[in-house]
Amino acid sequence: MAVERTAIEGLLVVRWDTHGDERGFFRQTYQRSELAAVLGREPVFAQGNHSRSAAGVLRGFHAEPWDKFVYVARGTAFCAVVDLRVDSPTVGEVATFRLGDAPGERVRLFLSEGLGNAFLALSEVDYLYDVGAEYRPGVDKRAVAWDDPELGVDWPVESPIVSDADRANPSFAEVVRGG
């Protein structure tokens, strides 16, 4: 197992070996103590969520006021993470990953509070994410336009299926710099 830091503070990649045979496979997806050792604090998970998206669906960028721990249990997704923390030395930095079924892509991403994430389903995807607080309607959620040219994400699909709400998200400059 390895918990790897990335260039964005608070974004971790968690890798575990897969043990498989003709019956299928087994993999452990995290140990809280190993996350805590790298984070320097105990992670808290208060709610687990599961979404399913059809191929071509793009969701995000969303950044709620809690940590998020994501995993693609089935299918393959292209995931982008952006630092939306105004006081961060890496504000505006973006990291991208392929998550899911393909070899070498069975990883989890830990996103500290203030990091936004978006994902594009490259096939039908089961996207699991544990969060550090229970959902409450009206909670302060930040969202940024998925196609903001300032972020420069090279999405592998030109015309994804995007919700009306995500189409209406403000630009990175509006969210982080106030315009």
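The values are calculated or read from the model by the stated rules, or taken from the named source; none is laboratory data. The structure presented is a predicted model; accordingly, all values stated were derived computationally and were not measured. Counting neighbours? That spans all protein chains shown, and the Cβs are built from the backbone with ideal geometry, glycine included.
For the reader, a short list of remarks on this structure follows.
- Any hit, region 12-33, residues being assigned to a loop (DSSP other than H, G, I, E, B), among the β-branched types (Val, Ile, Thr) and at pLDDT below 90: yes
- Of residues in region 150-179 being charged (D, E, K, R) and more than 25 Å from Ala54 (Cα to Cα), the one modelled with the lowest pLDDT: Arg177
- Any chance Arg41 is free of Cβ contacts under 8 Å to residues at least 60 places away in the same chain, under 27 Å from Pro160 (Cβ atoms), charged (D, E, K, R) and not in a helix (DSSP H, G or I): no
- Tally, over region 127-179, of residues that are surrounded by fewer than 11 Cβ atoms within 10 Å (Cβ to Cβ) and among the acidic types (Asp, Glu): 5
- From the options Asp140, Asp147, residue that is in contact (Cβ under 8 Å) with a residue 60 or more places away in the chain, of a type in the set (Asp, Glu), farther than 19 Å from His50 by Cβ and out of contact with any Lys or Arg (no Cβ under 7 Å at 6 or more places or on another chain): Asp140
- Looking across region 126-137, the residues that are in contact (Cβ under 8 Å) with a residue 60 or more places away in the chain and either in contact with a His (Cβ under 6 Å, 6 or more places away or on another chain) or assigned to a loop (DSSP other than H, G, I, E, B) (or both) come down to Leu128, Gly132, Ala133, Glu134, Tyr135.
- Under the condition of being in contact with a Lys or Arg (Cβ under 6 Å, 6 or more places away or on another chain) and modelled with pLDDT under 95, the residues counted in region 104-113 number 2.
- Under the condition of being within 30 Å of His19 (Cβ to Cβ), assigned to a loop (DSSP other than H, G, I, E, B) and not hydrophobic (A, V, I, L, M, F, W, C), the residues counted in region 56-108 number 7.
- For region 33-83, the set of residues classified as surrounded by 19 or more Cβ atoms within 10 Å (Cβ to Cβ), aliphatic (A, V, I, L, M) and more than 13 Å from the chain's Cα centre (by Cα) consists of Leu35, Val57, listed by residue number.
- Look at region 10-23: where a residue is over 19 Å from Phe69 (Cβ atoms) and a partner is among the aromatic types (Phe, Trp, Tyr), sitting 6+ places away or on another chain with Cβ atoms under 6 Å, you get His19/Phe26.
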